[in-house]
Structures are given as structure tokens and as C-alpha cells.
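The values are calculated or read from the model by the stated rules, or taken from the named source; none is laboratory data. Treat the numbers as computed from the prediction; the structure is a model and nothing was measured. We place every Cβ from the backbone using ideal geometry, glycine too, and count neighbours over all the protein chains shown. SASA here: full protein model, heavy atoms, side chains in, ligands and nucleic acids out. Shrake-Rupley method; radii C 1.70, N 1.55, O 1.52, S 1.80 Å.
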Amino acid sequence: MPKIILTDKLNEKVVKILEKAGFEVKIAWDIPKEDLPKIIGEYDAIIVRSDTKVRGDLFDKAINLKVIGRAGVGLDNIDMETALARNIKVVNTPAATTNSVAELALTMVLSSTRDVVKGTCEIKSDPSRFKSMKKELFSSEIDGKTLGLIGTGRIGTSLAVKCKALGMKAIGYDAYVAENPVVEMKLSVDDVLKEADYISLHLPLNKETQHMIGRDVISKMKKGAVLINCARGGIVDEHAAHDALESGHLGYYCTDVFENEPPSSDNPLLHHENVIISPHIGAQTKEGNMRASIQAAERVVEAFKEL
Ligand code: NAD
């Protein structure tokens, strides 16, 4: 009977799926991560979310490991080179949290438009500002505005569907995909920037995209545009974004991610009123977690059948 260890919190249904498929399951999400190398050697498979780092000492001690399941998309917490070299299969669940991330990006579209965070902070700190804030926070509607996507894969497309249902136009650029059933595709990033009121990033972080959204790109956005980053921190040059907020060229920077997480307290973005922040929670929903957990378990079972 193959033995599998679950080292990050997953939906309980996973246990049933794995046991039904003949696995002996060890729930280890309450075990301190530093203790995992002591026990990992017994296991044929592991399922992680993002907290467990399958690399270094943990990987060295995982002498029986054959399959790694990642409940989620990013594989940055797994040493893929070692996995490949040791012929260990790695399976993930790229589509499980698509809707969760797209809904967070939609939240950023709406809350920047109506200055919800600014209103909340001001009124909580000084309730007497209620009436003056009512005048100050005179905003606009998203109906009729243009969403510009950089990266029109799963999440970008899901956001486009939602925004179009709310009356927006969706345009986009993707370096590798020329057509999309719901997004009007443009030939360059610049073509998106000159038209979009909201620019939402939905592409991976890699050498090509590191600091892709820098001073030059931001300067080509419409004055007052909203930049949304629910992808990865390093894609946006945070200093360039801050300077553009200061000059008023950028209306809002809404971000779920930072180049360094947690951001340092002197990161100027933390102190700008036109920055909306969430703490890398794009995929963190009950529904997304359930789908990711179940799909990860199913993929691990499939991967074992193919061994
Ligand atoms: P996806 O692979 O379906 O789509 C990514 C798209 O980006 C692809 O169509 C690809 O062709 C395009 N792309 C790649 N390089 C590009 C470039 N240089 N310029 C323009 N387009 C480029 O991925 P997805 O599921 O839509 O996820 C998008 C990103 O969201 C992921 O890479 C990940 O970094 C991020 N993400 C964040 C969270 C979160 O918690 N905030 C959760 C899940 C995913």
C-alpha cells in the first residue's frame, strides 16, 4: 500500500479519495515544517499547497518519493530540477483557483472605482469627515469602461467574462495566444495601454516578465488608469508604480502580491492612499481550496497508475 503525506491544510475530502484509491494517508499539516525531513523518508507521495517547500533537506531525505501533488498553480515551492533528475512526477491543479483569483481582480476593479478602502479608512479614523468624504469620493461607473488584460489565459479570460457582464469592454494582449473568444485581442501591450481604463496583469513571473511593468510601460497608460496585479509581485516595478501614483498619472495600484513578501514597512506603496492591498489571497477561498485539494488528490492517484 503506497504511503502519502499531506503537509499543508487541504479539504478533508482528499483523505477519502486517497484511501479509496488504496493509499495509507498521513495528515501532517499540524506538524512543524522543520520536523518533516525526519519522517518524509517513509512516504511514496506528498501533497502540498504553498507552505511546504519541497527542496533542500526535505527533498534529500525523501528517498522513497515518487509523486508530488501541488494543490494550486505555482511550482515555485518545489525544486523542479531535482524532481526531474530523480524522475519524480509533479502534478498541480492549474484551473482550480482561476475563479477565485478572477473574483479578487474584479473586487479590485470595483473597490478602486468607488474608493471603498479610502472611504473606510477615513471614516474609521475620523467619523466627522463623513459628509466631506461624501463630496470627495464622487467617482464613476465601470459600465462602458475598458478592461485591458496583459495575459489572456485562464484567469484573464475569467475576469473578462465577469467584467463584460457588468458592461465593460475587454481588450487584451498575450505574447503566445492570438485569439480569445471573449477578449478583443491586440497586437501589442501598447495597443492595450492606450485604450484601457483598468489594466489587469494575468501572466507568469519569469525572466521575460520581471519588471515588465516599469516606468516606460506605465507612462503609456491613460492618465488616471488603474493597474491591478493579482499575478506576481516582481512583474511590476514597485518604485515606478509609486512614482506614477505620486505624479497622478496612475489612478490606483491594486495589488495582491509584492516583489518581497511580506513587504518591508518602508515600502512606499504601503503608505500611499491610492494603493489597495490584499495579502496574496487570490487563491484563498473555500471553493478554490476544495477544488484544488480534490483535483490534486485525483491527479496524484492518476500519476501513480502511470508509474
Ligand atoms: P495561464 O497560463 O492560463 O495564463 C497566463 C497567460 O500569460 C498565458 O496565456 C500566456 O501566454 C501569457 N503570457 C506569458 N508570458 C507573457 C508575456 N510576456 N506577455 C503577455 N502574455 C504572456 O495562467 P493563469 O491561470 O491565468 O494564471 C496567471 C498568473 O496568475 C499565474 O502565472 C500566477 O502567477 C498568477 N496567480 C496568482 C494567484 C494569487 O494568489 N494571486 C493565484 C494563482 C495564479
Please tell me which of these pairs span more than 32 angstrom C-alpha to C-alpha: Lys89/Lys162; Lys220/Lys286; Lys33/Lys124; Lys164/Lys305; Lys16/Lys38? Lys89/Lys162; Lys220/Lys286; Lys33/Lys124; Lys164/Lys305
Evaluate the distance, in nm, between pseudo-label points positioned 7 Å from the Cα of Ser247 and of Leu187 along their respective Cα→Cβ axes. 2.8 nm
Skip the ligands, DNA and RNA, and give the accessible area per residue of the chain with a 1.4 Å probe, whole Å². 50 Å²
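Dividing the Cα convex hull volume of the chain by residue count, how many Å³ per residue is that?
Numbers: hull volume 48.2 nm³, N = 307.
Once divided by residue count, the hull of the chain is 157 Å³.
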Give the accessible area for Cys121 in Å² (nearest 10); use a 1.4 Å probe, count only protein heavy atoms, and leave out ligands, DNA and RNA. 80 Å²
Leu307 accessible area, assembled protein chains, probe 1.4 Å, Å²: 110 Å²
Taking the convex hull of the Cα atoms, report for region 53-120 its projected area averaged over all directions, in nm². 6.5 nm²
Could you grab the relative contact order for region 165-208? Cα pairs under 8 Å, six or more apart, rounded to a whole percent. 31 percent
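Based on the Cβ-Cβ distance of Asn260 and Lys286, what FRET efficiency does E = 1/(1 + (r/R0)^6) give at R0 = 22 Å, to the nearest 0.05?
Working: r = 28 Å, r/R0 = 1.29.
With R0 = 22 Å, the Cβ-Cβ based efficiency is 0.20.
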Go through region 1-68 and name the GluC sites (Glu not before Pro) that are in a DSSP coil and have 14 or fewer other Cβ atoms within 10 Å of their Cβ. Glu12
Given a 1.4 Å probe and every protein chain left where it sits, what share in percent of the accessible area of the chain is carbon and sulfur? 54 percent
With every protein chain kept in the model, how would you rank His202, His211 by accessible area, 1.4 Å probe, largest at the top? His211, His202
Given a 1.4 Å probe and heavy atoms of the protein chains only, how would you sort Leu227, Leu205, largest accessible area at the top? Leu205, Leu227
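Counting every Cα pair in region 164-248, what percent are over 21 Å apart? Intermediate results must be reported in sequence, preceding the final value.
Values: 984 of 3570 pairs.
More than 21 Å apart: 28 percent of the Cα pairs in region 164-248.
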Qualifying GluC sites (Glu not before Pro) for region 92-137 [loop in DSSP, other Cβ within 10 Å: at most 10]: none
Using alpha carbons only, what's the Rg to Rh ratio of region 98-277 with Rh from Kirkwood? 0.96
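Between Leu166 and Arg215, what length comes free when the chain is fully extended (0.36 nm per residue of separation minus the Cα-Cα distance, one decimal in nm)? If you can, show how the numbers build up before the last one.
Numbers: separation 49, 0.36 × 49 = 17.64 nm, distance 3.07 nm.
So the extension gain works out to 14.6 nm.
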Added length on full extension, which subtracts the Cα-Cα distance from 0.36 nm per residue, Leu84 to Asn64: 5.7 nm
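Ordering Met133, Met185, Met1 by accessible area with a probe of 1.4 Å, largest first, what comes out?
Numbers: Met133 5, Met185 45, Met1 160 Å².
Largest accessible area first, the residues go Met1, Met185, Met133.
Compute the length gained on full extension between Tyr176 and Lys16: take 0.36 nm times their separation in residues and subtract their Cα-Cα distance, giving the result in nm to one decimal. Don't skip to the end; give the middle numbers.
Numbers: separation 160, 0.36 × 160 = 57.60 nm, distance 3.93 nm.
My answer for the length gained is 53.7 nm.
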